[in-house]
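Written below as structure tokens is the structure these notes are about.
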Amino acid sequence: MQFSQFNVNALMEITSRPEVVFVRGEGSWLEDQAGKRYLDFIQGWAVNTLGHCAPEMRQAIIEQSGKLMNPSPAFYNEPSIGLAERLTKSSVFDRVFFANSGAEANEGAIKLARKWGKVNKNGAYKIITLDHGFHGRTLATMSASGKPGWDTMFAPQVPGFPKADLNDLESVKRLIDKETVAIMLEPVQGEAGVYPATQEFMQGLRTLADENQLLLIVDEVQTGMGRTGTLFAYQQYGVTPDIMTLAKGIGGGVPLAALLARQEVCVFTHGDQGGTYNGNPLMTAVGIAVFDKLVSPGFMESVNARAKQLSAGLLALSAKWGFQGERGMGLLRALQMDADIGPAIVNAARELTPQGLLLNAPRASSLRFMPALTVSEAEIKQMLELLDGVIAQLRK
């Protein structure tokens, strides 16, 4: 089938898309309408934890769809309870609210923090966030984000989100006042180009929060669910957050997100929070399948082995081409180049024949790598070889 046979104009124009329509996927591979295959190192922006069409997920959908799909969040359902139990037992949190997207989970975290401030801190409402951070596309989460240009895009912004700098504890201290209720950050700033918080910074934030009666909120929409080499990224920092948000990887490709909090922070009363599809059994059944795979024997060991391979391979490419190194945690990594050639590499890699390569350039001078956590040693090797060839072609 040709691209011209699809009426893409029926879709609202929100982003620039190449003339490719994907029709099927399996593991680390996608196939387009013409039958061309692509090695996918984007995976829905770190969404497809187990790759495309993972058999565990397909089985969960088939089985649950024959039992119960959506009884309404006004009632309990078995899969949502099962997934909530798994999440709380494997973390420092006591309660879970399920949502459908990362923005929705973060919106819930903002609401919970402000309600906690109303109850415990004389109406304190300000949440310190970080410059270049990314928390979603609702009005409140865009206001919480520090992405350049977003402050005027849908002005006026939602007030109450002063911006500090990543890994600069003094910049956070300067913003704390009597109206501050929380500090919110991504352990790794993904959209900014994969910049991890340092151990010193994260632990310093916990100390600042304790000293000033503030909540510490970790946005693990991109870093959670095994992406950074542990089930949750905060576990590598030796801190206990008060609130955490999850999305992307928790559903492995289906719309699922979660807001988690410690018991003493759970101040919502009936009517404060809700959502028509939240915690529906079809999505949470898939979440259970994903979670159980992540905690199965040897799985995370494999993730960390592949992370070391990817890091070493990117460092080798950097040295070969005179780039500026690589960074990241687990299987969320970036290659820092010496010029703004990221978009050109992305386009050239996709157009490779007979098989393409899908990459992401969060900034013009960097590439971001977010493969499935099930990516094989051979697939990482193949990606590195293809990328090397694309760079060589562009350097000519």
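No value in this document is a laboratory result; all are computed from the given coordinates. It should be emphasised that the depicted structure is a prediction, and the values quoted were computed from it without experimental measurement. Heads up, the Cβs are rebuilt from the backbone with ideal geometry, glycines too, and the neighbour counts pull from every protein chain shown.
Here are a few things to note about the model shown:
- Of Thr228, Thr276, Thr240, the one that fluctuates the most in a GNM where the chain has Cα springs shorter than 10 Å: Thr276
- Neighbour-count ranking [beta-carbon atoms within 10 angstrom, fewest first] of Asp242, Asp210: Asp210, Asp242
- Greater than 30 Å apart at Cα, pairs in Lys67/Lys111; Lys163/Lys320; Lys115/Lys147; Lys111/Lys248: Lys67/Lys111; Lys163/Lys320
- Residues Asp272 and Gln213, FRET efficiency given R0 of 22 Å [Cβ-Cβ distance, rounded to 0.05]: 0.55
- Space enclosed by the convex hull of the alpha-carbon atoms of the range 139-296, per residue, Å³: 149 Å³
- Proxy reagent accessibility, fewest Cβ within 10 Å first, across His132, His52: His132, His52
- By the beta-carbon count within 10 Å of each Cβ, the least crowded to most crowded order of Asp272, Asp40, fewest first, is Asp272, Asp40.
- Pair Asn167, Ile81: separation of 7 Å Cα→Cβ label points (nm): 4.6 nm
- The distance between label points at Ala344 and Leu139 comes to 4.2 nm (points 7 Å beyond Cα on the Cα→Cβ vector).
- Using only side-chain charges placed at the Cβ, +1 for Lys and Arg and -1 for Asp and Glu, the dipole size of the range 55-294 relative to its Cα centre rounds to 360 debye.
- Förster radius 22 Å - calculated FRET efficiency between Val21 and Trp45 (Cβ-Cβ, nearest 0.05): 0.75
- Per residue, the chain reaches -11000 deg cm²/dmol at 222 nm when only DSSP H runs of four or more residues are counted, each adding -39500 (n - 2.57).
- On Cα atoms only, tilt of 199-211 relative to the major axis of the chain in degrees: 20 degrees
- Efficiency of FRET from Cβ geometry, Ala378 and Ala319, R₀ 22 Å, rounded to 0.05: 0.45
- C-alpha long axis of helix 377-395 to longest principal axis of the chain, angle in °: 70 degrees
- Helix 55-65 and the long axis of the chain differ in direction by around 50°, with both axes built from C-alpha atoms.
- Straightening the chain between Gln33 and Ser302 buys 93.6 nm, computed as 0.36 nm per residue apart minus the Cα-Cα spacing.
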